[in-house]
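Here's the structure, in structure tokens; my notes come after.
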């Protein structure tokens, strides 16, 4: 048994030749491993970025604008109080019976509407820019410069509404994203026929009483039709006398007065194949 | 000193002790070289941390022990493919191998845990506390393991023969 075992072991180990350290190999391998590590890190970061972008894209696809959603881009205003908004709503064009590249003036709203020719991503509508130099109205639609957004890959037309115009322009110069400028003729939409919802003081059809004192009734008679409107209403006149007859195409009105000369009843008639038929009447309450 | 230069200086100074430690842990001389090289390679990869460690040697010997445990746990990946063939003419290393083999036989009775304590306390010259931290055991356990290991070495006939210069 030896009490000097550690010292003996240490001496043996010291005597054991260990050779030169392979520093060149270690450094070369270490540098190569570091390069691999860096490439792996770059790859992982790229992958993470792709996953984030892909996730955002998928998210925007899932929760992006639907048919019932309307995405409105911020408007553009120039110094002449003109204002433009871009609306991404597929139903907006169809409800207004607009086709791509068409410009119309809507007198009811006092607005100029333009349906884009090219189509745009529904999640990234273009931004409008207006100019009105020397009475020539120009509209430019372009994606926001420098914007780094994730947009859906769908393509929908957009509706641009320009307000602040005092009168409808004859032409609109349009410059859209990636397309040459073009001049579009502005069509004026005819005003819808006014709905005569008479006020309380309105006198209907020349009646002598206010609207609030008038009553209406429909007539359902066996016929046949009569050759003239006067003959058609003759059975209902009684003591009244016809004061006026207005005929337009297949419609007619017959106004009858009482003994005092006041118009108290108006018959409405329609011309059928066999002649004139009274549809009803409006009269003053008596 | 730059990154590579600092590392190279440290690696050159510690190479011998790392190889000897690997032999004490039970490696053949060739495996000891590979283990020391792998340890230094890992040191190089993490040299930023190693160089800033409170005790560099403790950090490096922890790497050495981890590499050694890994090599026993699974297939040995310490040898890397290289474009230059490693088989080159070398001088006859039989005496060195015999020497390492004699040490290995002398340490044959020691368990892995005892060998690790001997390496850290005697070769790396680490304190009991540092050894305990690396091995994640209590300092008292370090003492008892080292005591048993030395007792086993003292009773080892190979060591006695080597100490008295008898044929191995």
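Summary table
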item: Flag if residue B:109 is modelled with pLDDT of 75 or more, more than 15 Å from residue B:21 (Cα to Cα) and either within 14 Å of chain A (Cβ to nearest Cβ) or touching a strand residue (DSSP E or B) at 6+ places or on another chain (Cβ under 8 Å) (or both); result: yes
item: Residue match in region B:58-67 (condition: within 9 Å of chain A (Cβ to nearest Cβ), crowded, with 19+ Cβ neighbours inside 10 Å and in a helix (DSSP H, G or I)); result: no
item: Of residues in region B:122-134 being in contact (Cβ under 8 Å) with a residue 24 or more places away in the chain and more than 14 Å from every other protein chain (Cβ to nearest Cβ), the one nearest to residue B:63 (Cα to Cα); result: B:134
item: Every pair of residues 6+ apart whose Cβ atoms lie under 9 Å, when the first sits in region B:154-168 and is more than 10 Å from chain A (Cβ to nearest Cβ) and over 15 Å from residue B:104 (Cα atoms) while the second is assigned to a helix (DSSP H, G or I) and modelled with pLDDT of 65 or more; result: B:166/B:160; B:167/B:161
item: Test: residue in region A:214-225 that is in contact with a strand residue (DSSP E or B) (Cβ under 6 Å, 6 or more places away or on another chain) and at pLDDT 85 or above; result: yes
item: Matching residues in region A:18-60 - criterion: being part of a loop (DSSP other than H, G, I, E, B) and surrounded by 14 or more Cβ atoms within 10 Å (Cβ to Cβ); result: A:18, A:19, A:21, A:22
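Residue-by-condition table, conditions (1) in a helix (DSSP H, G or I); (2) in contact (Cβ under 8 Å) with a residue 24 or more places away in the chain; (3) more than 8 Å from chain A (Cβ to nearest Cβ):
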{"site": "B:4", "(1), (2), (3)": "yes, no, no"}
{"site": "B:9", "(1), (2), (3)": "yes, no, yes"}
{"site": "B:13", "(1), (2), (3)": "yes, no, yes"}
{"site": "B:17", "(1), (2), (3)": "yes, yes, yes"}
{"site": "B:23", "(1), (2), (3)": "yes, yes, no"}
{"site": "B:43", "(1), (2), (3)": "yes, yes, yes"}
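The values are calculated or read from the model by the stated rules, or taken from the named source; none is laboratory data. Source: prediction; values computed, not measured. Glycine also receives a Cβ, built like all others from the backbone with ideal geometry; neighbour counts cover every protein chain displayed.
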